[in-house]
Amino acid sequence: MTPAQFLPFALPEIGEEEINEVVDSLRSGWLTTGPKTKRFEDDFSQFLGGDVHAMAVNSATAGLHLALEACGIGQGDEVITTTYTFTASAEVARYLGAEPVLVDVDPHTLTLTPEAIEPAITPRTKAIIPVHLAGLACEMDGILAVAKKHGLRVIEDAAHAFPTYYKDRLIGTLDSDFTVYSFYATKTLATGEGGMVVTRDAALAKRCRVMRLHGIDRDAFDRFTSEKPSWYYEIVAPGFKYNMTDLAAALGIHQLKRANGFKARRTEIAIRYIEAFRDLPVMLPAEATAERDHAWHLFMLRLLPESPISRNAFIERMSAEGRIGCSVHYIPLHRQPYWKARYTLTDETFPVATEAFEHGVSLPIYTRMTDGDVSHVIAEVRRILA
Ligand SMILES: *Cc1c(COP(=O)(O)O)cnc(C)c1O
């Protein structure tokens, strides 16, 4: 039987506490960056263990831009990342006049491997942006070792990876220069729009704080507050307008408290899917291992050649017959007109990403799904692929 309600691909879980906190901000009259943003940053830093600087921004894209800028990435520099990601991972290099160098991914995990990085390194390479795709931690020891050997910066794109562990350390506390999270409406912690930039390096943190808000030097400001009037400030650079609002932070404060619970629920759903699809003509997503944890932001199946139906037809039937929203992550960057033309990219250079894209489909996986919703998705997938 076809259910009346369409099951969307993704939905944020916003509770009464989030709503009340936003209302409190509205009544307080403090709408933009203020006490709640500070509290969210402090809470976020505590969540990661307390010894990191956490800087709230209005998107992960802004955060990645700030991180690269603080690392001194500029004109003509090269930044290595994968083709199998959202365009934001790469576009931020272009903001600074630098060039992303795209590499193919591991066939099992669809993440950046240390082995793929080495051949892509040139004298102009300055940084690596590993993406913890779907929420599965990259092989970070290997990536950090390559970076160290070649003197490269590492900026982790953790847009899918909150919270995720690598070898018992939370992503965000490893030895990379920066980790950047997204709080976009569909991500594992949602503030509508928002992000967090995390680093252990005080100097890098300071540069991000200055550039996040118009290049205003807060330390210079604080130093002089006793002597200068309260309206006084100093601009030390042409900064950006990347600050988070207190309305977004109000959501983030309460989402953060529930982040581990949300993850536990997504993990339950992933396990049910994996158990239910083992005998189908699909490649299941890479699971967490003892070393590489999974936040299960996305559940990505790949239809095998013996599947009775194409990927596109599968998504259409899931929608039309099952009333279930599916998606595709990602159209690889080498298939996007801008990137393809700029670097003359072809499918042959990226066989894994090309294949994964052509047969890939993401199923709904979010905390607001009931057990009945999960059963319904399982039944429809099994029926359509039977
Ligand atoms: C969503 C996403 C981003 C960008 O996040 P925003 O907060 O929307 O700017 C960056 N990288 C990846 C892999 C993403 O999925």
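The values are calculated or read from the model by the stated rules, or taken from the named source; none is laboratory data. Fair warning: this is a prediction, and the values are worked out from it, not measured in the lab. All Cβ positions, even for glycine, are placed from backbone atoms using ideal geometry, and neighbour counts span all protein chains on display.
Here are some residues: Thr85, Thr109. Which one is closer than 21 Å to Ala161 by Cβ, touching a Pro at 6+ places or on another chain (Cβ under 9 Å) and within 12 Å of the ligand (Cβ to nearest atom)? Reasoning before the result, please.
Working: Thr109 fails: within 12 Å of the ligand (Cβ to nearest atom).
Criteria check complete, one pass: Thr85.
Could you tell me whether any residue of segment 314-330 is without any contact (Cβ under 8 Å) to a residue 60 or more places away in the chain and buried (at least 18 other Cβ atoms within 10 Å of the Cβ)?
So far as segment 314-330 goes, yes, one or more of its residues are without any contact (Cβ under 8 Å) to a residue 60 or more places away in the chain and buried (at least 18 other Cβ atoms within 10 Å of the Cβ).
Does Pro364 count as closer than 26 Å to Thr188 by Cβ, touching a helix residue (DSSP H, G or I) at 6+ places or on another chain (Cβ under 9 Å) and not charged (D, E, K, R)? Step through it out loud before you land on a result.
Details: closer than 26 Å to Thr188 by Cβ: yes; touching a helix residue (DSSP H, G or I) at 6+ places or on another chain (Cβ under 9 Å): yes; not charged (D, E, K, R): yes.
Against the criterion (closer than 26 Å to Thr188 by Cβ, touching a helix residue (DSSP H, G or I) at 6+ places or on another chain (Cβ under 9 Å) and not charged (D, E, K, R)), Pro364 qualifies.
Which one of the conditions (1) within 25 Å of Leu170 (Cβ to Cβ); (2) in a helix (DSSP H, G or I); (3) within 16 Å of the ligand (Cβ to nearest atom) does Arg94 fail to meet, given that it meets all the rest?
Among (1) within 25 Å of Leu170 (Cβ to Cβ); (2) in a helix (DSSP H, G or I); (3) within 16 Å of the ligand (Cβ to nearest atom), the lone unmet condition for Arg94 is (1).
Could you check segment 97-124 and list, in sequence order, the residues that are among the aliphatic types (A, V, I, L, M) and either touching a residue at least 40 places away in the same chain (Cβ under 8 Å) or outside any loop (DSSP other than H, G, I, E, B) (or both)?
Val101, Leu102, Val103, Val105, Leu110, Ala116, Ile117, Ala120, Ile121
So, Gly194, is that one under 16 Å from Val57 (Cα atoms), out of contact with any Cys (no Cβ under 8 Å at 6 or more places or on another chain) and surrounded by fewer than 20 Cβ atoms within 10 Å (Cβ to Cβ) or not? Show your work before the answer.
Details: under 16 Å from Val57 (Cα atoms): yes; out of contact with any Cys (no Cβ under 8 Å at 6 or more places or on another chain): yes; surrounded by fewer than 20 Cβ atoms within 10 Å (Cβ to Cβ): no.
Against the criterion (under 16 Å from Val57 (Cα atoms), out of contact with any Cys (no Cβ under 8 Å at 6 or more places or on another chain) and surrounded by fewer than 20 Cβ atoms within 10 Å (Cβ to Cβ)), Gly194 does not qualify.
Between a residue in segment 230-242 that is in contact (Cβ under 8 Å) with a residue 24 or more places away in the chain and of a type in the set (Val, Ile, Thr) and any residue that is outside any loop (DSSP other than H, G, I, E, B) and surrounded by 13 or more Cβ atoms within 10 Å (Cβ to Cβ), which pairs come within a Cβ distance under 8 Å, given they are 6 or more apart or on different chains?
What qualifies is Val236/Val210; Val236/Ile216; Val236/Ala220.
So, in segment 125-137, how many residues would count as being farther than 21 Å from His65 by Cα and assigned to a loop (DSSP other than H, G, I, E, B)?
1
Return the residues of segment 182-206 that are part of a strand (DSSP E or B), near the ligand (Cβ under 8 Å from one of its atoms) and touching an Asp or Glu at 6+ places or on another chain (Cβ under 9 Å); say none if nothing qualifies.
To start, the set of residues in segment 182-206 that are part of a strand (DSSP E or B) comprises 182, 184, 192, 195-199.
If we keep only those that are near the ligand (Cβ under 8 Å from one of its atoms) too, we end up with 182, 184, 195.
Across segment 182-206, the qualifying residues are Ser182, Tyr184.
Could you count how many residues in segment 79-91 are within 15 Å of the chain's Cα centre (by Cα), buried (at least 19 other Cβ atoms within 10 Å of the Cβ) and either among the acidic types (Asp, Glu) or in a strand (DSSP E or B) (or both)?
Residues flagged as within 15 Å of the chain's Cα centre (by Cα), buried (at least 19 other Cβ atoms within 10 Å of the Cβ) and either among the acidic types (Asp, Glu) or in a strand (DSSP E or B) (or both) within segment 79-91 amount to 2.
Suppose we filter Gly50, Gly97, Gly15, Gly74 for residues that are touching a Leu at 6+ places or on another chain (Cβ under 6 Å) and surrounded by fewer than 16 Cβ atoms within 10 Å (Cβ to Cβ); which single one remains? Write out each step before concluding.
Details: Gly50 fails: touching a Leu at 6+ places or on another chain (Cβ under 6 Å); Gly97 fails: touching a Leu at 6+ places or on another chain (Cβ under 6 Å); Gly15 fails: touching a Leu at 6+ places or on another chain (Cβ under 6 Å).
From the options Gly50, Gly97, Gly15, Gly74, the qualifying one is Gly74.
Among the residues of segment 234-257, which ones are closer than 21 Å to Pro35 by Cα and surrounded by fewer than 17 Cβ atoms within 10 Å (Cβ to Cβ)?
Within segment 234-257, Lys241, Lys257 meet the criteria.
For Ile143, all conditions in the list (1) within 21 Å of Lys187 (Cβ to Cβ); (2) crowded, with 19+ Cβ neighbours inside 10 Å hold save one; what is the number of the exception?
(1)
Please go through segment 292-341 and give me each residue that is in a loop (DSSP other than H, G, I, E, B), away from the ligand (no atom under 16 Å from the Cβ) and in contact with a Phe, Trp or Tyr (Cβ under 7 Å, 6 or more places away or on another chain), ordered by number.
Our first condition is that a residue be in a loop (DSSP other than H, G, I, E, B); within segment 292-341, this holds for 293, 295-298, 304-310, 321-323, 325-326, 328-332, 336.
Pick out the ones that are also away from the ligand (no atom under 16 Å from the Cβ) and you get 293, 304-310, 321-323, 325-326.
Those that are in a loop (DSSP other than H, G, I, E, B), away from the ligand (no atom under 16 Å from the Cβ) and in contact with a Phe, Trp or Tyr (Cβ under 7 Å, 6 or more places away or on another chain): Asp293, Arg323, Gly325, Cys326.
Can you find, within segment 207-220, the residue that is nearest to Leu68 (Cα to Cα) among those that are at pLDDT 95 or above, away from the ligand (no atom under 16 Å from the Cβ) and of a type in the set (Lys, Arg)?
Arg207
Check Val23 against each of (1) of a type in the set (A, V, I, L, M, F, W, C); (2) without any contact (Cβ under 8 Å) to a residue 24 or more places away in the chain; (3) within 14 Å of the ligand (Cβ to nearest atom) and name the one condition it does not meet.
Only one criterion in (1) of a type in the set (A, V, I, L, M, F, W, C); (2) without any contact (Cβ under 8 Å) to a residue 24 or more places away in the chain; (3) within 14 Å of the ligand (Cβ to nearest atom) is unmet by Val23, namely (3).
When both residues are 6+ apart or on different chains and their Cβ atoms are under 6 Å apart, which pairs have a first residue that lies in segment 363-386 and is over 17 Å from Phe262 (Cβ atoms), and a second that is of a type in the set (Gly, Ala, Ser)?
Cβ pairs passing all conditions: Ile378/Ala276; Glu380/Gly322.
Please pick out the residue among Ala137, Ala158, Ala120 that is over 13 Å from the mean Cα position of the chain (by Cα), of a type in the set (A, V, I, L, M, F, W, C) and at pLDDT 95 or above. Quick ask: steps written out before the conclusion?
Details: Ala137 fails: over 13 Å from the mean Cα position of the chain (by Cα); Ala158 fails: over 13 Å from the mean Cα position of the chain (by Cα).
Checking each option against the conditions leaves just Ala120.
Criterion first (surrounded by fewer than 17 Cβ atoms within 10 Å (Cβ to Cβ) and within 25 Å of the chain's Cα centre (by Cα)) does Pro351 satisfy it? I'd like the intermediate steps shown before the answer.
Working: surrounded by fewer than 17 Cβ atoms within 10 Å (Cβ to Cβ): yes; within 25 Å of the chain's Cα centre (by Cα): yes.
Yes, satisfied.
Quick test for you: out of Glu287, Glu268, pick the one residue that is in a loop (DSSP other than H, G, I, E, B) and surrounded by 13 or more Cβ atoms within 10 Å (Cβ to Cβ). Quick ask: steps written out before the conclusion?
Working: Glu268 fails: in a loop (DSSP other than H, G, I, E, B).
Going through Glu287, Glu268 in turn, the sole match is Glu287.
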